[in-house]
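In what follows, a structure is listed as structure tokens, so that the remarks can point back to it.
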Amino acid sequence: MPEPGLDQLMWLVGNWHSHALEGIAEEHWQAPSGGSMLGSFKLIIDGRVKFYELMTISEEGDTLILRIKHLNPDFSTWEAKEDCVSSILKQLDPGSICFEHFQYTKIDEDKIVARVDTSSGDQLTFDYRRF
């Protein structure tokens, strides 16, 4: 079985849009370069940004790691300056990637579903469509 690699995530590249969390969620993923993919997330509620996330998926050793940094609208961070949410790969299949607490699944070329397990034990689901 080949090692997990970013080339297996080309289906995630693009601009995605979902109605979620009482607002509009936008997520953008760039094509792999330099051993990582860069992503961003923005939640808009009542016409105003609620928060942002900057994300990377990086090749490290023989696995992939997802890192997330949360930012308020004024760019102050939720995590301490040197901290981020870090999640190691659990499973990678064609059209699906699962990290600890985060999962992306390709439904078709223009639809993906993201699931996030929250610290309170809830699961958030984002039904994204390409835009």
Of the residues in the stretch 44-56 that are touching a Lys or Arg at 6+ places or on another chain (Cβ under 8 Å) and more than 16 Å from Ser76 (Cβ to Cβ), the one that is surrounded by the fewest Cβ atoms within 10 Å (Cβ to Cβ) is Ile44
Unique match (being in a strand (DSSP E or B), over 19 Å from Asp117 (Cβ atoms) and not polar (S, T, N, Q)) among Lys90, Lys69, Lys50, Lys81:
Lys50
If I filter the stretch 84-127 down to residues being at pLDDT below 95 and among the hydroxyl-bearing types (Ser, Thr, Tyr), which single residue comes out as farthest from Ile65 (Cα to Cα)?
Ser120
Can you name every residue in the stretch 93-111 that is of a type in the set (Lys, Arg) and either in contact (Cβ under 8 Å) with a residue 24 or more places away in the chain or not in a strand (DSSP E or B) (or both)?
Lys106
Any residue at all in the stretch 63-78 that's in contact with a strand residue (DSSP E or B) (Cβ under 9 Å, 6 or more places away or on another chain), exposed (fewer than 14 other Cβ atoms within 10 Å of the Cβ) and of a type in the set (D, E, K, R)?
no
Give all pairs with beta carbons closer than 6 Å in which a residue from the stretch 44-62 that is modelled with pLDDT under 95 meets a residue that is of a type outside the set (Lys, Arg); count only pairs at least 6 apart in sequence or on separate chains.
Asp62/Glu3
The one condition in (1) out of contact with any strand residue (DSSP E or B) (no Cβ under 7 Å at 6 or more places or on another chain); (2) exposed (fewer than 15 other Cβ atoms within 10 Å of the Cβ); (3) in contact (Cβ under 8 Å) with a residue 12 or more places away in the chain that Pro32 fails to fulfil:
(2)
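The values are calculated or read from the model by the stated rules, or taken from the named source; none is laboratory data. All figures in this text were calculated on a predicted structure; none of them were measured in a lab. Positions of Cβ are backbone-derived with ideal geometry, glycine not excepted, and every protein chain shown enters the neighbour counts.
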